[in-house]
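Report on one structure; see the data block that follows.
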Amino acid sequence: MNHTTSERLFARASELLPGGVNSPVRAFRSVGGTPFFAQRAEGAYLYDVDGNRYVDYVGSWGPMIAGHARPEVLSAVERVMRDGLSFGVPNALEVEMAEAITRIVPSCEMVRMVNSGTEATLSAIRLARGATGRTRIVKFEGCYHGHGDSFLVKAGSGVMTLGLPNSPGVPSALADLTLTLPYNDFNAATALFEEMGDDIAGLIIEPIVGNANCILPREGYLQHLRALCTKHGALLIFDEVMTGFRVALGGAQQRYGITPDLSTFGKIIGGGMPVGAYGGRRDLMQQIAPAGPIYQAGTLSGNPVAMAAGLATLALIEQPGFHDALERATHVLCDGLEAAAREAGVAFHTTRAPGMFGLYFREGPVETFEDAKASDTARFNRFFHAMLERGVYLAPSAFEAGFMSSAHGEAEIAHTLAAAREAFATL
Ligand code: PMP
């Protein structure tokens, strides 16, 4: 494969953008090599500026669940943009979007639109703190909730360990307020709440962890956290930026039958445009300005073009059977990858939820962040490049989930598995 144009662009970009990119994981730092620059995308495929084609298992990190450049989405965007790109006064599409989210996700009685997942999560914890009058929040090792100061906190070694900032620029006075827990550990959560429950404003969790590869909750774990939060008067916040509208139409909360107090969304509800949202119980959301005193605002929030893209995407995924088909395709892919690894004698394991999956170069099961970290990442990196050379683009990090779309059909999966058989053999 020829990558000359991408290499030239990356050299220019590296002079002007930190690391050559506008978001770190795109730089291929963990897998090595030079990222390719996209020219266009369609269905399950990405095309780069050198004319190479890839089956895309990243899907813009989640939004493209119905495939790239769907005509239904593009024509909605074109129609709406002719009337102007932004108004700074309310528009009807914001109401339609709020109706769609509250209908699909019943725990959200009201919502507020924002412009990214990061904005959604940091607004949700401000609301949790404002509504409870408490200051501490709880997050989980390996969970990512965007780059808000309170979330950039290193996992502590023990249950009661106070957070240490893991980015320069995050004051320890703020990071100290973030408590971390090991995901899927029942007793650690109980112990932390017994010790500090009265100080905890909210607990935020990726119900399925998509930022430590893909780790599923143990049976009853999310219920356990729901019960602890209720008992101690803390708010349960589901960060469904990744899982929302993906692992079920109503997200992980529908799949596992949990009612969080607040939820955060992004990615799919923007259909590829910059969108986030947070929502939840009416009595909580009524405390957001201007209904209430907790301030949060945005010049471009509820942007009409972004709403149009999101609404058109939601219409596509609301079609009956959409998520069942996505789940079946995910199993076919993951079963096929495991079989190919077995044939090649490579220790390998997959985890799956509808439309998302994790790849591990180790034997299963993988149920904790420690398990995920014990995967052979050097092997993953070699596999990543062997697949890329064969026209398959996986997430460029051993700790990111892969994403499927409804455009990943038999032909795309067959191509992927043929590439994987060759790639495993090279390891
Ligand atoms: N929460 C989760 C679970 C995410 O996966 C991400 C982004 N991958 C975010 C929040 C932050 O979203 P954004 O990048 O849109 O700010």
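A short reminder: the numbers here are calculations on the coordinates, not readings from a lab. Everything numeric here is computed off the predicted structure, so don't read it as measured data. When we count neighbours, we look across all protein chains shown, and the Cβ atoms used for this are built from the backbone with ideal geometry, even at glycine.
General remarks:
- Rounded to the nearest 500, the 222 nm mean residue ellipticity of the chain from helices alone is -11500 deg cm²/dmol, with -39,500 (n - 2.57) taken per DSSP H run of at least 4 residues.
- Full-extension gain in nm, Lys373 to Arg218, via 0.36 nm per residue minus C-alpha separation: 54.0 nm
- Prolate/oblate/rounded label for region 192-307 (Cα gyration tensor, a/c 1.5): oblate
- When the alpha-carbon atoms of region 71-317 are used, the pair Rg, Dmax equals 17.8, 57 angstrom.
- Ordered by the number of other Cβ atoms lying within 10 Å of each residue's own Cβ, fewest first, Arg352, Arg379 fall into the sequence Arg379, Arg352.
- Derived scalar couplings between HN and Hα for region 26-38 equal 5, 7, 6, 4, 7, 8, x, x, 10, x, 8, 9, 6 Hz in order, rounded to whole Hz, by the Karplus curve 6.51 cos²θ - 1.76 cosθ + 1.60 (θ = phi - 60°), x for Gly and Pro.
- Extended-chain gain in nm, criterion 0.36 nm per residue less alpha-carbon gap, Ala289 and Leu174: 39.1 nm
- Per-residue Karplus couplings for region 230-237, computed as 6.51 cos²θ - 1.76 cosθ + 1.60 with θ equal to phi - 60°, are listed in order as 4, 4, 9, x, 9, 8, 8, 10 Hz, Gly and Pro entered as x.
- Ranking of Thr102, Thr230 by neighbouring Cβ atoms within 10 Å, starting from the fewest: Thr230, Thr102.
- Descending by average beta-carbon neighbour count within 10 Å, the peptides 1-12, 303-314, 338-349 line up as 303-314, 338-349, 1-12, the highest first.
- The overall shape of the chain, judged from the alpha-carbon gyration tensor, is oblate: a/c is not under 1.5, and a/b is no greater than b/c.
- Relative contact order computed over region 287-403 (Cα-Cα under 8 Å; 6+ residues apart), in percent: 16 percent
- Shown in residue order for region 85-100 are the 3J(HN,Hα) couplings computed by the Karplus curve 6.51 cos²θ - 1.76 cosθ + 1.60 at θ = phi - 60°: 8, 7, 10, x, 10, x, 9, 5, 5, 5, 5, 4, 5, 5, 5, 5 Hz (x for Gly and Pro).
- Distant-in-sequence amide H partners of Val138 (H built 1.01 Å from N, under 5 Å): Leu179, Gly202, Leu203, Ile204
- From the Kirkwood radius over Cα pairs of region 246-400, Stokes-Einstein at 25 °C and 0.890 mPa s returns a whole-number translational diffusion coefficient of 132 µm²/s.
- Sorting Cys334, Cys108 from the fewest to the most surrounding beta carbons within 10 angstrom yields Cys334, Cys108.
- Alpha carbon centroid spacing (whole Å) that separates region 10-49 from region 219-282: 31 Å
- Computed E for Arg40/Glu318 - FRET, C-beta separation, R0 30 angstrom, nearest 0.05: 0.65
- Rounded if a/c under 1.5, otherwise prolate or oblate - region 357-423, Cα gyration tensor axes: prolate
- Computed from the C-beta positions of Ala339 and Leu300, the FRET efficiency with R₀ = 56 Å rounds to 0.75.
- Using C-alpha pairs below 8 Å separated by at least 6 residues, the relative contact order for the chain is 21 percent.
- Summary value for region 1-138: 12 percent relative contact order, contacts being C-alpha pairs under 8 angstrom separated by 6+ residues.
- The charge dipole of the chain, taken about its Cα centre with unit charges on the Cβ of Lys, Arg, Asp and Glu (plus for the first two, minus for the last two), comes to roughly 420 debye.
- Eigenvalues of the alpha-carbon gyration tensor of region 168-211, scaled by 5 and square-rooted, set the equivalent ellipsoid semi-axes at 20, 17, 9 angstrom, largest first.
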